[in-house]
Amino acid sequence: MTDEPPPTDDPIRPELRRAPSVVLVNTGDGKGKSTAAFGVMLRALARGWNVAVCQFVKSGDWKVGEEKLGRELGVTWHALGDGFTWDSNDLEADRARAAEAWAVASGIIAAGEHHVVVLDELTYLCNWSWLDTKDVVDAVTNRPAHVNIVVTGRDAPAGLIDVADTVTEMRHVKHAYDEGVRAMRGIDY
Ligand code: ATP
Ligand code: MG
């Protein structure tokens, strides 16, 4: 609660301009990064836009909720994380797979056939040095003007934050997991 009175001025500033597209980054250690990205996916679908989702971390059955619905709603869905072998110590193999995954995603961005491209958990590939952040920054910077991009994942690299329009850090205040509650269908996946 605050002592402030409710606003009376129109909060929409007249000098605001329209952008052909924006880049959103959802990062931080709290829950909500991917959830918010899929919220944007729904908004875009509601406008009749083409949407593509690229998931970079192996999901198994976990993301079955949003993937199932996304496919039903006509989203172009790529589970690119399925190619990674998480227990391998073969850095070169991981790099090669990351490059393949990135080739798919960057191709989708450059093709310009989708109004929204969600790059879910992409930051990890940069943070693990499987992917050069510069390649991501270049693809985002040189994207067709109408292509909006949403990137999720912890510890978004500085270069990506620099080229983004909207960056949100989800902060971990509490998480049910801390109290031993396992991930819930319908809530977490
Ligand atoms: P969500 O997909 O729920 O929006 P997220 O994308 O912000 O989560 P991820 O690290 O991708 O975060 O989380 C994947 C899974 O881990 C989800 O089931 C989520 O509920 C859970 N999770 C997210 N944040 C935390 C946290 N701080 N502690 C424990 N589990 C978490
Ligand atoms: Mg996530």
Item to check | Sequence of K174, K33, K58 from largest to smallest accessible area, 1.4 Å probe | outcome: K174, K58, K33
Checklist entry - Taking the chain as a Gaussian network, where each spring joins two C-alpha atoms under 10 Å apart, which residue of P144, P20, P11 fluctuates the most? => result P11
Checklist entry - How do D94, D138 rank by accessible surface area computed with a 1.4 Å probe, from largest to smallest? => result D138, D94
Checklist outcome for this item: Hydrophobic long helices for the chain, i.e. whole DSSP H runs reaching 30 angstrom or more by Cα along the axis with Kyte-Doolittle mean at least 0.5, come out as none
Checklist entry - Between V40 and N127, what length in nm is gained on full extension when 0.36 nm per residue of separation is reduced by their alpha carbon distance? => result 28.9 nm
Checklist outcome for this item: Per the helix-only model, the chain has a calculated mean residue ellipticity at 222 nm (DSSP H runs of ≥4, -39500 (n - 2.57) each, divided over all residues, rounded to the nearest 500) of -10000 deg cm²/dmol
Checklist entry - For the stretch 23-170, rounded, prolate or oblate, judged on the Cα gyration tensor with a ≥ b ≥ c (square roots of eigenvalues), a/c < 1.5 rounded, else prolate if a/b > b/c? => result rounded
Checklist entry - Got a number for the accessible area of K68? Probe 1.4 Å, square angstrom, nearest 10. => result 120 Å²
Item to check | Highest-MSF residue in the chain out of E66, E179, E15 [GNM, Cα springs under 10 Å] | outcome: E15
Checklist entry - Say we join alpha carbon atoms closer than 10 Å with springs in a Gaussian network model of the chain; which of R18, R47, R154 then has the biggest fluctuation? => result R18
Item to check | Exposure ranking of D10, D120 by accessible area [1.4 Å probe, largest first] | outcome: D10, D120
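The values are calculated or read from the model by the stated rules, or taken from the named source; none is laboratory data. Just so you know, these numbers come straight off a predicted model, no measurement behind them. Accessible surface is based on the protein model in full, side chains and every heavy atom, while ligands, DNA and RNA are left aside. Shrake-Rupley method; radii C 1.70, N 1.55, O 1.52, S 1.80 Å.
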